[in-house]
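Taken together, the values in this text are just the output of simple stated rules run on the coordinates, not laboratory data. It should be emphasised that the depicted structure is a prediction, and the values quoted were computed from it without experimental measurement. So basically every Cβ, Gly included, is an ideal-geometry build from the backbone, and we count neighbours across all protein chains shown.
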Amino acid sequence: MKTLKWIGITALLAMLTVVAINGSLGDESSDEKYLCIVQSELERSGSGLTEVADDRELLLVTDAELTKQSVQLNEQFSVTDKKNNTVNVDLSVNADMYTAENVLDHIVVITNTGNHVGYVRTWFAFEMGDLTEDEFKASVLLNQNSTRWTWGEFTYGVQIDGERYAVVCAEYKNALDVGATTAPSLLQILLKSDVANDTANRLDGNHDGKYEVRAYSQVVSDDGAWSQVSKPWGMQ
C-alpha cells in the first residue's frame, strides 16, 4: 500500500513594504498597514494545519464508480503555526465531493491575518514521477474550485529537489478582507479507475512510498502586482 505525504508550505511576499510568512511574521510599513496570511490544509472533518500534514494512504486503483455528494464545510477550527500563533477559521462553503475509493480529500484555504486587504494565490506541485505529460493527464484528476478561483495552465516536468512535478497556480478572484478566509481552491485528488497499478507506482518519482503534493501561497496588496512577485521552486 502506498502512502501520501501532504506538504503545505505557507506564504511569502517580498515586495512593497510587507512580508508575511506562515501567519507569524509581518513587517509593518510607515502607515502601519501589513499583510499576513495563513495557508491551511484540512480534511472534510474540519481539522486544519499549516506546515506538514500526516502521511496518508494512497488507495489502490479500483473500479469503483465515480460519484459525487454535496458536502457543507462549515465547521470552525483552529490552526496553530510554528510560532505558536493561533488563528480561528470559520469556513462555510458548499462543495461537491467525489466518493470513489481512489480519491483523497485535500482542501486548501487561506486566511488573511494581517490588517490590510490582500490578493492571494496558491501554487500546487503534484509529483509526476517518470510519467509523460499525456500519461499524467490521463491518470490524475483534480476536484478544483473554479467558481471562486482562476486556475492557470499546468507546467509539466518542473524539477523540484531533483524530482519532476506538474505545477499549476490558482488565483483568488476577489480581494481578501482582514480576518476573512478564502473558499477552498483545491478540494480533492483522484486517481482514475482505469489507471494500471504500474502507472500509479510510477507517480512516486523518488520511490519513497509516498506521493508528494506541495502547496505554496503568496499575497500582494494590489492584484496588478503579480508580475513583480517571483514564482516558487525556482520557476522562471
Checklist entry - Taking a 28 Å limit on the Cα-Cα distance, which of the listed pairs K192/K231; K173/K210; K137/K231 fall beyond it? => result K192/K231; K173/K210
Checklist entry - Label points 7 Å out from Cα along the Cβ direction at Q144 and E75: separation in nm? => result 2.7
Next on the checklist: What FRET efficiency comes out for E101 versus E32 if R0 is 41 angstrom and r is the Cβ-Cβ distance? Round to the nearest 0.05.
Outcome noted: 0.20
Next on the checklist: Are there any GluC sites (Glu not before Pro) in segment 110-185 that are in a DSSP loop and have at most 10 other Cβ atoms within 10 Å? List them by number.
Outcome noted: E153
Item to check | Separation in nanometres of the label points that stand 7 Å from Cα toward Cβ, at K137 and V117 | outcome: 3.8
Checklist outcome for this item: The distance between the Cα centres of segment 101-123 and segment 67-99, in whole Å, is 10
